[in-house]
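Data first, discussion second: the structure below is written as structure tokens.
The values are calculated or read from the model by the stated rules, or taken from the named source; none is laboratory data. These numbers come from a predicted model, not from an experiment. Positions of Cβ are generated from backbone atoms using ideal geometry, with glycine treated the same way; all protein chains shown enter the neighbour counts. Heavy atoms of the whole protein, side chains included, go into the accessibility calculation; ligands, DNA and RNA do not. Shrake-Rupley method; radii C 1.70, N 1.55, O 1.52, S 1.80 Å.
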Amino acid sequence: MQKRNMHIFRAGNFTLQNGAILPNLEVAYETYGSAANAKESTILLLHGYTSNPHAAGGGDLDPGWWENLIGPGRAIDTDRYYVVSPNILGSAYGTTGPGSKNPDTDKPYGPDFPEFTTRDMIEANRLLLDHLGANELAAVVGYSYGGYLTFQWGVTYPDRMRALVPVATGITGRGDESVVRELKAQFETATGWNAGHYYGKENGVRDALIQFRCNLLRNYGVLTELKDRGLDDTQAKHALHQQAANWADGFDANSLITLRRRATRFDARPEAERISVPLLYILATTDNLFGPELGEKTVDYIRNAAGVDARYFELESPYGHRAPSVDWAKWEEALRSFLDAFAAPEAKTV
């Protein structure tokens, strides 16, 4: 197993869109490939809602969520690209969020963490990239929630990248404030919730997180994946519960709530005309969060709004929302070819 290549970028007085200021911004991130390629050949890789920046580099014992797609000679070729995978603002894996210490109280922010937007999330990315000297991005690639941010990058900084690859995602968020209330209600009944200020105490929030995660993994198609690995029904359910318990030890209920609220308010369609680079949109046939019915409709919308080369690849897979990770081999060539054509340094127009 390789050691995780985790770093922390720090900046002071990060101003949010609403004018609130985070006195201490920290962004956790991993990198793959040579920093010598950073200036013109960085791929910004953005993770999903409940995920983390460990996308690759761990081998069989500690695999990243796209372990098989990132590395020397792979679709995201680290001999050619410098890959930066940051933890998103508001999450729970080292980037500033609700679990971070509020300097005014010396306690975790919890539900008092300031309101922020997807634009704020990419601004935190931008500061990190500036720090790393990544002036021109080869591509922005985002999986699930990271796909929202990929679209946000495309409409906010259309001249900073050569290509966009949103995967298992949408150009708009899902749900409304009612789904946020329903999510919050799952924790409000937990022992010791204390209106969200539950940190550092023995309470029932971990159990609520495990239950949430179990339901989510089922919805993502993980039981099917486990059974196809040879586990029987009882073994698969046990393995799924163990995955959920491991995740619950590191995540934050307040992050779930605030990130879900951000997602319901996301909509890149009004600014889609600002997208100025080719785009490859990937959806799986069995994804019940972002189904294939969104595919052609979304790329048609982008073509009409922006006049760019927008392509759709439909991934045939039984593995639902997890399909791009599990059935990576089925879309690896589509990704490789697209990046070769539009993201690689030699693909730059003169």
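So, R0 is 25 Å and r is the distance between the beta-carbons of residue 131 and residue 21; what FRET efficiency does that work out to, to 0.05?
Approximately 0.85, to the nearest 0.05.
Just the accessible area for residue 220, please: 1.4 Å probe, Å², rounded to the nearest 10?
About 30 Å², ignoring ligands and nucleic acids.
Using label points projected 7 Å from each Cα along Cα→Cβ, tell me how many nm separate residue 60 and residue 181, to one decimal.
5.1 nm
For region 241-308, what does the accessible surface come to per residue with a 1.4 Å probe? Please give it in Å².
Normalised by residue count, the accessible surface of region 241-308 is 41 Å².
At R0 = 25 Å, how high is the FRET efficiency between residue 211 and residue 107 if r is their beta carbon distance? Nearest 0.05 is fine.
On the way: r = 26 Å, r/R0 = 1.05.
Result of the calculation: an efficiency of 0.45.
Calculated from the structure, Cα extents along the principal axes in Å equals which of (i) 72, 48, 41; (ii) 64, 42, 41; (iii) 61, 52, 41?
(iii)
I'd like the carbon and sulfur percentage of the solvent accessible area for region 13-82, probe radius 1.4 Å, heavy atoms only, ligands and nucleic acids excluded.
Details: 1130 of 2570 Å².
The value for region 13-82 is 44 percent carbon and sulfur by accessible area.
Given points 7 Å out from each Cα along the Cα-Cβ axis, report the residue 39 to residue 303 separation in nanometres with one decimal.
3.8 nm
Using a Gaussian network model of the chain with C-alpha springs under 10 Å, which one of 222, 277, 179 is most mobile by mean-square fluctuation?
179
Mind jotting down the distance between the C-alpha centroids of region 241-307 and region 1-59, whole Å?
A separation of 19 Å, based on Cα centres.
State the extension gain, in nm to one decimal, for the chain segment bounded by residue 218 and residue 330, taking 0.36 nm per residue of separation less the distance between their alpha-carbons.
Length difference between fully extended and current span is 38.1 nm.
Return the loop-located GluC sites (Glu not before Pro) in region 164-206 (DSSP other than H, G, I, E, B) with at most 10 other Cβ atoms within 10 Å of their own Cβ; answer none if there are none.
Sites meeting the loop and neighbour criteria: 202.
Roughly how many percent of the accessible protein surface of region 143-301 is carbon and sulfur, given a 1.4 Å probe and a whole-percent answer?
Roughly 45 percent of what the probe reaches on region 143-301 is carbon or sulfur.
What dipole magnitude, in Debye to the nearest 20, does the chain give about its Cα centre under +1 on Lys/Arg Cβ and -1 on Asp/Glu Cβ?
My answer is approximately 380 debye.
Could you provide, to the nearest whole Å², the per residue accessible area of region 12-164 with probe 1.4 Å?
For region 12-164, the per-residue accessible area is 32 Å².
Please identify the trypsin sites (Lys or Arg not before Pro) of region 255-291 that satisfy two criteria: DSSP loop assignment and at most 16 other Cβ atoms within 10 Å. Which are they?
265
Classify region 278-350: rounded, prolate or oblate, from the alpha-carbon gyration tensor (a ≥ b ≥ c, eigenvalue square roots; a/c under 1.5 rounded; otherwise prolate if a/b is larger than b/c)?
In terms of gyration-tensor shape, oblate.
If each residue of separation counts as 0.36 nm, what is the full-extension length gain between residue 341 and residue 115 once their alpha-carbon separation is subtracted?
77.5 nm
Using Cα-Cα distances under 8 Å and only pairs 6 or more residues apart, what relative contact order does region 145-228 have, in percent?
In percent, rounded to a whole number, it is 19.
Take the Cβ-Cβ distance between residue 13 and residue 232 as r, set R0 to 41 Å, and report the resulting FRET efficiency rounded to the nearest 0.05.
The formula returns an efficiency of 0.15 here.
Please identify the trypsin sites (Lys or Arg not before Pro) of region 169-208 that satisfy two criteria: DSSP loop assignment and at most 15 other Cβ atoms within 10 Å. Which are they?
174, 201
Might you report the magnitude of the Cβ-based charge dipole of region 259-350 about its Cα centre, with Lys and Arg at +1 and Asp and Glu at -1, to the nearest 20 debye?
That gives region 259-350 a dipole magnitude of about 540 debye.
How high is the relative contact order of region 1-124, in percent, with contacts defined as C-alpha pairs under 8 Å that are six or more residues apart?
26 percent
Which whole-number percent gives the relative contact order of the chain, counting Cα pairs below 8 Å spaced six or more residues apart?
Values: 716 pairs, mean separation 60.3, N = 350.
For the chain, the relative contact order is 17 percent.
Given the -39500 (n - 2.57) contribution per DSSP H run of 4+ residues, what per-residue ellipticity at 222 nm results for the chain, rounded to the nearest 500 deg cm²/dmol?
Helix contribution divided over all residues of the chain: -10500 deg cm²/dmol.
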